[in-house]
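See below for the structure under consideration.
The values are calculated or read from the model by the stated rules, or taken from the named source; none is laboratory data. This one's a predicted model, so the numbers in the text were calculated from it and none came from an experiment. Glycine also receives a Cβ, built like all others from the backbone with ideal geometry; neighbour counts cover every protein chain displayed.
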């Protein structure tokens, strides 16, 4: 009797890998990732050898800089891309109504979770393996110890396991991919930086407590430093790059052992995420449809109603909603009256929620900043830009892809209006949202312009003369806002028409924006590699191939390379005004083609080819 060979059967994992191998976008994403990664590392390498042209052998022993830069880039890639890769492993099955079929097979819930988990891990491992040649090159240059090499690989591995487990847990808990995507990034941010932010906010208070507690001891400063260091390490217990930075400065077996010991909380959290994913898989497999955004707005309504009912306002309503059927533009009425992000009441809630904290922060900054360029306001503006891009991406890409996902597009196309008019009415709600987001952006811009104007009379104390040029800053910011916001709307609408799935459209839009923002680095790296003596000043205007370049340069007032802020403003305006017109024409002129609908011209041609019924003889002469 022959013994059967032991075989490991992983059908779900095999199916996942085969499907990903057959998708063209898998190779496109890998190529883009490789270009981005090699571009960043290449710039770091060129910066390292910039002063060593006369002695090329001096590069030996300087591989540590390239090695550390590569490891930090790999950490960044894991934290940015792996949540997006893993957050859809279970929600896709829920959206396709195929999770029930998986649960009635012989596969146990733990097997489903494990195989889905491994499928996404293999995908990320292929991305990380693209850095192995650079890792070997940096190690061959010298300056990298064996302990540093082992610590880096171990921390990258456990970080990947932790982030992937978090994404699988959120995917098992949530009903849709969009909600799982948002939940994964929010929980990941809280997990990594929540304790650090709380610790830094309470640092001064904790310092007073420590000093009062250790006042009777002679070694108070030493003890305070130990307590402070222990608090920092406790808060960063889940942040693997912190441990790499700490142990990369030491060598030997002690650093390896310390890394393994301090990574135990990360390993425990990984197992906990997988256990919760197994727990939620069956219990939340068949959830009814819920509008979480509408529920959040209703909760916000209850809070504002409680605030409004007081002795002063007494529940006064400034604008009363009137529910009536539209006399014209029915699609625009539907977008502005029946959608959460288009209704006036909810948009006003968003405006108050954003504007009040921004005004409060600007007042605090105005009383404490001694410089014309306010770092807090700059960071606040960039964060608000990121929030604006995210909200516009979700709302604009869902105009058409959302109708496809809800199977209402066919009904919408029966409305007897042209494709251009259909698009103009669909975009009405997004334009309202854009105007609401424009107000906080203008608040920060006007505050910074006023702050620069206050310092415009004192220019001798600042080496950067562009910091106090308030008029150039104000004009540049206003023109940028007037071009970028409608450009983003039409760009996201175009992506929503091209991509069929709503989730894929949102993720594609956000991914393309990220790639577009770092496009100059991708294009400049081959130029410098082919010709290392190339003059950087000759391609300085190539920075404006990225839409984020002028926003950053205008905020930090770095116009020294250009000599004036007006020429960069003119170049940026021409480039992105052209992009605005291009995206707008692509949306309006090709909407019928993208939706599979006859255009007006094709409709008239089709009607002229037929004989009208009234012109046909009723009785034949034969």
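Within the option set 182, 186, being closer than 19 Å to residue 266 by Cα, surrounded by fewer than 20 Cβ atoms within 10 Å (Cβ to Cβ), out of contact with any strand residue (DSSP E or B) (no Cβ under 9 Å at 6 or more places or on another chain) and at pLDDT below 85 holds for one residue only, 186.
Taking segment 382-492 and the helices (runs of 4 or more DSSP H) fully enclosed by it, the elements with 2 or more residues that are touching a helix residue (DSSP H, G or I) at 6+ places or on another chain (Cβ under 9 Å) and modelled with pLDDT of 90 or more are at 428-454.
Evaluated against (1) at pLDDT 85 or above; (2) within 30 Å of residue 180 (Cβ to Cβ), residue 506 falls short on exactly one condition, (1). Of the residues making up segment 101-113, not a single one is under 24 Å from the mean Cα position of the chain (by Cα) and either in the same structural domain as residue 154 (by TED's automatic domain parsing) or at pLDDT below 80 (or both). Taking the conditions (1) more than 18 Å from residue 126 (Cα to Cα); (2) surrounded by 11 or more Cβ atoms within 10 Å (Cβ to Cβ); (3) modelled with pLDDT of 80 or more in turn, residue 48 satisfies each one other than (3). The residue list 191, 272, 238 contains one member that is at pLDDT 65 or above and not in a helix (DSSP H, G or I), which is 238.
For (1) in the same structural domain as residue 280 (by TED's automatic domain parsing); (2) at pLDDT 80 or above; (3) buried (at least 23 other Cβ atoms within 10 Å of the Cβ); (4) in a helix (DSSP H, G or I), each residue gets a yes or a no:
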{"residue": "151", "(1), (2), (3), (4)": "yes, yes, yes, yes"}
{"residue": "161", "(1), (2), (3), (4)": "yes, yes, no, yes"}
{"residue": "169", "(1), (2), (3), (4)": "yes, yes, yes, yes"}
{"residue": "195", "(1), (2), (3), (4)": "yes, no, no, yes"}
{"residue": "199", "(1), (2), (3), (4)": "yes, no, no, yes"}
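Do the conditions hold for residue 98, that is, is it at pLDDT 80 or above and over 28 Å from the mean Cα position of the chain (by Cα)? For residue 98, the condition - at pLDDT 80 or above and over 28 Å from the mean Cα position of the chain (by Cα) - is met. Among the residues of segment 266-276, those that are within 16 Å of residue 160 (Cβ to Cβ) and surrounded by 13 or more Cβ atoms within 10 Å (Cβ to Cβ) comprise 266, 267, 269, 270, 273, 274. Counting only helices (runs of 4 or more DSSP H) that sit completely within segment 566-616, those holding 1 or more residues that are surrounded by fewer than 16 Cβ atoms within 10 Å (Cβ to Cβ), at pLDDT 90 or above and assigned by TED's automatic domain parsing to the domain that holds residue 550 correspond to 566-589. Each residue in segment 488-514 was checked for being buried (at least 20 other Cβ atoms within 10 Å of the Cβ) and more than 18 Å from the chain's Cα centre (by Cα), and 3 of them qualify. Note on segment 81-106: residues that are touching a helix residue (DSSP H, G or I) at 6+ places or on another chain (Cβ under 8 Å) and in a helix (DSSP H, G or I) amount to 13.
Taking every residue in segment 6-31 that is not assigned by TED's automatic domain parsing to the domain that holds residue 130 and part of a helix (DSSP H, G or I) and pairing it with any residue that is modelled with pLDDT under 80 and exposed (fewer than 10 other Cβ atoms within 10 Å of the Cβ), at least 6 positions away or on another chain, yields no pair with a Cβ-Cβ distance below 6 Å.
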